[in-house]
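**Student:** Here it is, the structure in full.
The values are calculated or read from the model by the stated rules, or taken from the named source; none is laboratory data. What you see is a predicted model, and the numbers here were worked out from it, not measured in a lab. Cβ atoms come from the backbone with ideal geometry, glycine included; neighbour counts cover every protein chain shown. The accessibility values were calculated without ligands, DNA or RNA, using every heavy atom of the protein model including side chains. Shrake-Rupley method; radii C 1.70, N 1.55, O 1.52, S 1.80 Å.
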Amino acid sequence: MSASDERCAGAAGYAPHPYIGGRTAVLRALAAWRMRWPGAPRVIVLTGSPGSGRSRLLTGFLMMCDPDGRRQLPLDQMDPATVPPDLPAPAVPDPRGRTAAQLLWLLADHFRLNAAHGEDICTELAAREEPVTIVVPDVDRAGPVRAADEPARVVREVLTPLATTGGVQLLADVPRALAAELARALPPGQARIIDLDDPEWADPAGLVRHAETALALGAGVPELPFATDPSARRTLAKAMAQRAGGSRLTLQLAVQSLFMRPEGFAPADPAMLPGSVGEALDLHARRLGADPLTLRLLLAPLALAEGEGLPVQLWGPLADAVAGRDMSRDLADGMPLAAPFLQPVATGERDGSDGGEPDGAQGGEEAGAKGGEEAGGAADGGRTLLRLMHPGIAEEIRAGLPDVRGAQTRIAMALLEAVPEQDWSRADPYVRDHLAAHTLDAGLLPQLLTDPGLFAHADPVAMRAAIEAVPLEQLGAPARTYLRIAPLLTRTQAPAAVRAAFLESAFVEDGLASYAQALHGLGFALPWRTLWSVPLTGVRAVTAGTLPPPDAEGVAAEATAARATDGAGAAARHPVAALFVPEGTPGSRPVPDADGAADAADPAGMDGASGALLVHDLLRPGYVDADPARLRRPSEEARAAAPFGFSRGADSLRIWARASREVVATLLSDTPITGADLSPDGVLVVATGRGVTARQILAVPPAAAPIVPGQRTGPPDSAASDGLEGDH
């Protein structure tokens, strides 16, 4: 199977694939792989330069692998050797904008695996009776942050384990720099690299057909006789294809530039035809009488943009920042100059505001359905983003910038200036969610990671990916706290108000009380205020109770306090939390004997289990040196009269209002919950594998209480705001 197969297919009179227009040799190789033809490799690595047509080729091949797509193709007119058998469609996880871990969980969901951890997924695939077929396109577009180099992680953490798993038939489209690394992971004969730029897989006839088809679209333009005359069109198509050197992108840009300004074009002049993407940019600028550098500076903000694209209103300020001068006149006059290289993207995103409710009024089920503010639709129909029509254009422009880091630094400063009064709830979603990526590329991200408001409002998927790309020793304490709870933020897909609540507790747990306090001043209606936290492991149970006040009367005072359940007697008691810990824990005392008072005999509810008790102040940091036998638990009457109740799961806990039975807050933990109790006045004490934390439940009306959405069972279908690990 080689380029000679193209000529053979044409001589036999077979029709080309209507979407691809050629690539017979590659399609034959892929069809043999799909049918597991004897001698065909189990793994195919498809690669090539940007613009070589890899994505289009795979899309066309997958049409023939899909039962619905096959019915729309003239398969009986095509070369039979290029048509794969009619089998169930392969799994096609989309890596665009996703991380390596997310990609694994997409596969786990597709195959309905029961894996608890990412490393178990390939093990379960290997244990299946039937082999599986997986196609992974567009690996070069993986990851929510470009500078984090997610394609390399996808190759090393996803594709290589899949390729080395018996029973997995793999086809992957990867950048050339990573293709050989993936193929080397397998014994000889099991993998084959198909490089579309290699002469073995060349498709000159298909490229000419591509040019002819593109030129025919301009048949209605009177200035283009070579587009209306089939003979002239074919002559020009051959010249364009030969000059483009196999690059579909270069050819497409040449045609679009021609349509934009047909005046003065001489089809017989080879100097009018570009031989690369860079030449296509420069030739277009010169034909329009502009400086090629001006065109590149106009497009540079789009080449450096993150996510789906750049908001139109930010294009001008960022162009000024990259160029270091006022580009407003160039931008106003430059739309014909830039238009052939642009692609508008319509979104449902709110323009210039935080999609999450700033007062925390959004309910949990609604928040879960929206995936947080990043996926919410806008009542005004959304907004328009701009991006370059192909990543190959962005790569060319970035390669031509003399100082990418300096450009990213100026972009980051311009984005910060675009935040109204430094209020992140009013920032444009692009600024909020992608500032970290720009500062990462500028080498300045650690300096940015000190603002708790940004932590709460930024998309946790992009923020986490950016922070993980920085060596841990370069991160400050707030960033390390964020990184610690980032899996919880990405797993829940919670809105900003709930992210703020999680961060508030995490900052207290890590001794950063000032950052926790700052979150309370940002306008969020947080469901709780974290009072204290101790890093105490091995806690098996907790209980909230009280100690009687010290009194000279001794026993009489204690008995009086024990009988008091409310009123002045209750107010005089000292609220504490009893923590059931292993024997020998410093500062602990033995569990009281069963001979004591009924409510003090087993204050932690451990039914006589061996251990010891630590007594901690309920409302503020600090242990209390007191005899646990004096501890009094709230009576059943006091608990029944309390405004809140709670229910507990293995790693989650719900607080509900007794009057309405509505959930007012949900706590999720990244480690198992080992004990929990809620005092009558609404102080929640929770013990996990990390330690013990007390939170004061705030008096929020049930109808307006922020609720954390329940755990997802997999990553969302949309590319926006995906959990970085799928985090089942």
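**Student:** Taking the criterion of being among the basic types (Lys, Arg), at pLDDT 90 or above and surrounded by fewer than 22 Cβ atoms within 10 Å (Cβ to Cβ), would at least one residue in the stretch 46-62 satisfy it?
**Tutor:** Filtering the stretch 46-62 for residues among the basic types (Lys, Arg) gives 54, 56.
From what is left, the residues that are at pLDDT 90 or above are 54, 56.
Filter once more, so that each one left must be surrounded by fewer than 22 Cβ atoms within 10 Å (Cβ to Cβ): 56.
The answer is yes; a qualifying residue exists.
**Student:** Give the residue that is modelled with the lowest pLDDT, with candidates limited to residues of the stretch 27-45 that are in contact with a strand residue (DSSP E or B) (Cβ under 9 Å, 6 or more places away or on another chain) and aliphatic (A, V, I, L, M). Write out each step before concluding.
**Tutor:** Taking the stretch 27-45 first, the residues in contact with a strand residue (DSSP E or B) (Cβ under 9 Å, 6 or more places away or on another chain) are 27, 29-30, 33-34, 36, 40-45.
Okay, now just the ones that are also aliphatic (A, V, I, L, M), so 27, 29-30, 40, 43-45.
Values: Leu27: 95, Ala29: 96, Leu30: 96, Ala40: 92, Val43: 96, Ile44: 97, Val45: 97.
Within the stretch 27-45, the match that is modelled with the lowest pLDDT is Ala40.
**Student:** Can you pull out the residues in the stretch 631-673 that are among the basic types (Lys, Arg), buried (at least 16 other Cβ atoms within 10 Å of the Cβ) and under 41 Å from the mean Cα position of the chain (by Cα)?
**Tutor:** Within the stretch 631-673, just Arg654 meets the criteria.
**Student:** Here are some residues: Arg695, Arg661, Arg620, Arg654. Which one is at pLDDT 90 or above, part of a loop (DSSP other than H, G, I, E, B) and basic (Lys, Arg)?
**Tutor:** Numbers: Arg695 fails: part of a loop (DSSP other than H, G, I, E, B); Arg661 fails: at pLDDT 90 or above; Arg654 fails: part of a loop (DSSP other than H, G, I, E, B).
Residue meeting the stated conditions: Arg620.
Okay, residues lined up against (1) touching a residue at least 60 places away in the same chain (Cβ under 8 Å); (2) of a type in the set (S, T, N, Q); (3) part of a helix (DSSP H, G or I); (4) open to solvent by less than 10 Å² (accessible area, probe 1.4 Å):
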position	(1), (2), (3), (4)
Glu473	no, no, yes, no
Thr481	no, yes, yes, yes
Pro487	yes, no, yes, no
Ala494	yes, no, no, yes
Ala500	no, no, yes, yes
Phe507	no, no, yes, yes
Ala518	yes, no, yes, no
Leu526	yes, no, no, yes
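**Student:** Next question. When the stretch 324-341 is examined, which residues are found to be surrounded by fewer than 17 Cβ atoms within 10 Å (Cβ to Cβ) and within 23 Å of Leu258 (Cβ to Cβ)?
**Tutor:** Asp333, Met335, Pro336, Ala339
**Student:** Right, next: Take the residues of the stretch 19-29 that are of a type outside the set (Phe, Trp, Tyr) and out of contact with any Leu (no Cβ under 7 Å at 6 or more places or on another chain): which is nearest to Ala191 (Cα to Cα)? It would help to see each step written out before you state the result.
**Tutor:** Kept after step one, since they are of a type outside the set (Phe, Trp, Tyr), are these residues of the stretch 19-29: 20-29.
Narrowing further to those that are out of contact with any Leu (no Cβ under 7 Å at 6 or more places or on another chain): 21-22, 24-25, 27-29.
Numbers: Gly21: 26, Gly22: 24, Thr24: 20, Ala25: 17, Leu27: 16, Arg28: 16, Ala29: 12 Å.
Result: Ala29.
**Student:** If you go through the stretch 257-267 one residue at a time, do you hit one that is at pLDDT below 90, aromatic (Phe, Trp, Tyr) and open to solvent by 50 Å² or more (accessible area, probe 1.4 Å)?
**Tutor:** yes
**Student:** Could you check the stretch 112-137 and list, in sequence order, the residues that are surrounded by fewer than 18 Cβ atoms within 10 Å (Cβ to Cβ), part of a loop (DSSP other than H, G, I, E, B) and either among the charged types (D, E, K, R) or in contact with a strand residue (DSSP E or B) (Cβ under 8 Å, 6 or more places away or on another chain) (or both)? Break it down into steps so the answer makes sense when it comes.
**Tutor:** If we filter the stretch 112-137 for residues that are surrounded by fewer than 18 Cβ atoms within 10 Å (Cβ to Cβ), which is where we start, we get 112, 114, 116-117, 119-120, 123-124, 126-131.
Among the residues that remain, those that are also part of a loop (DSSP other than H, G, I, E, B) are: 112, 114, 116-117, 119, 127-131.
Those that are surrounded by fewer than 18 Cβ atoms within 10 Å (Cβ to Cβ), part of a loop (DSSP other than H, G, I, E, B) and either among the charged types (D, E, K, R) or in contact with a strand residue (DSSP E or B) (Cβ under 8 Å, 6 or more places away or on another chain) (or both): Arg112, Glu119, Arg128, Glu129, Glu130, Pro131.
**Student:** On to the next question. When the stretch 37-55 is examined, which residues are found to be in contact with a Gly (Cβ under 9 Å, 6 or more places away or on another chain) and not in a loop (DSSP other than H, G, I, E, B)?
**Tutor:** Within the stretch 37-55, just Arg54 meets the criteria.
**Student:** (1) acidic (Asp, Glu); (2) over 38 Å from the mean Cα position of the chain (by Cα); (3) closer than 24 Å to Ala394 by Cβ: which one isn't true of Asp173, the others all being true?
**Tutor:** (2)
**Student:** Moving on to the next point. Taking the criterion of being of a type in the set (A, V, I, L, M, F, W, C), in a loop (DSSP other than H, G, I, E, B) and under 25 Å from Leu162 (Cβ atoms), would at least one residue in the stretch 16-36 satisfy it?
**Tutor:** Scanning the stretch 16-36, I find at least one residue that is of a type in the set (A, V, I, L, M, F, W, C), in a loop (DSSP other than H, G, I, E, B) and under 25 Å from Leu162 (Cβ atoms), so the answer is yes.
**Student:** So for the stretch 237-245 (the condition being within 30 Å of Leu104 (Cα to Cα), in contact (Cβ under 8 Å) with a residue 24 or more places away in the chain, in contact with a Pro (Cβ under 9 Å, 6 or more places away or on another chain) and open to solvent by 30 Å² or more (accessible area, probe 1.4 Å)), does at least one residue qualify? Spell out how you get there, then give the answer.
**Tutor:** Within the stretch 237-245, the first condition is being within 30 Å of Leu104 (Cα to Cα), and the residues that meet it are none.
No.
The rows are residues; the columns are (1) farther than 27 Å from Ala244 by Cβ; (2) of a type in the set (Gly, Ala, Ser); (3) without any contact (Cβ under 8 Å) to a residue 60 or more places away in the chain.
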position: Tyr14; (1), (2), (3): no, no, no
position: Tyr19; (1), (2), (3): no, no, yes
position: Ala32; (1), (2), (3): yes, yes, yes
position: Val43; (1), (2), (3): yes, no, no
position: Ser49; (1), (2), (3): no, yes, no
position: Leu58; (1), (2), (3): no, no, no
position: Arg71; (1), (2), (3): yes, no, yes
position: Pro80; (1), (2), (3): yes, no, yes
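**Student:** Scan the stretch 210-241 for residues that are aliphatic (A, V, I, L, M), under 11 Å from Pro267 (Cβ atoms), assigned to a helix (DSSP H, G or I) and at pLDDT below 90 and jot them down.
**Tutor:** Within the stretch 210-241, the subset aliphatic (A, V, I, L, M) is 211, 214-217, 219, 221, 224, 227, 232, 236-237, 239-241.
Narrowing the set further to residues that are under 11 Å from Pro267 (Cβ atoms) leaves 215, 224, 227, 232, 236-237, 239-240.
Filter once more, so that each one left must be assigned to a helix (DSSP H, G or I): 215, 227, 232, 236-237, 239-240.
Passing the criteria: Leu215, Ala227, Ala232.
**Student:** Please determine, by comparing only the residues of the stretch 449-504 that are among the charged types (D, E, K, R) and under 19 Å from the mean Cα position of the chain (by Cα), which one is farthest from Leu106 (Cα to Cα). Spell out how you get there, then give the answer.
**Tutor:** Step one: of the stretch 449-504, the residues among the charged types (D, E, K, R) are 451, 459, 464, 468, 473, 480, 484, 491, 499, 504.
Next cut, under 19 Å from the mean Cα position of the chain (by Cα) only: 459, 464, 468, 480, 484, 491, 499.
Details: Asp459: 20, Arg464: 19, Glu468: 21, Arg480: 28, Arg484: 23, Arg491: 14, Arg499: 24 Å.
Going through the qualifying residues, I end up with Arg480.
**Student:** Can you name every one of the helices (runs of 4 or more DSSP H) wholly within the stretch 275-323 that holds 2 or more residues which are under 27 Å from Met413 (Cβ atoms) and open to solvent by 10 Å² or more (accessible area, probe 1.4 Å)? Walk me through how you get there before you give the answer.
**Tutor:** On the way: elements: 277-287, 292-303, 312-323.
Fully inside the stretch 275-323 and qualifying: 292-303, 312-323.
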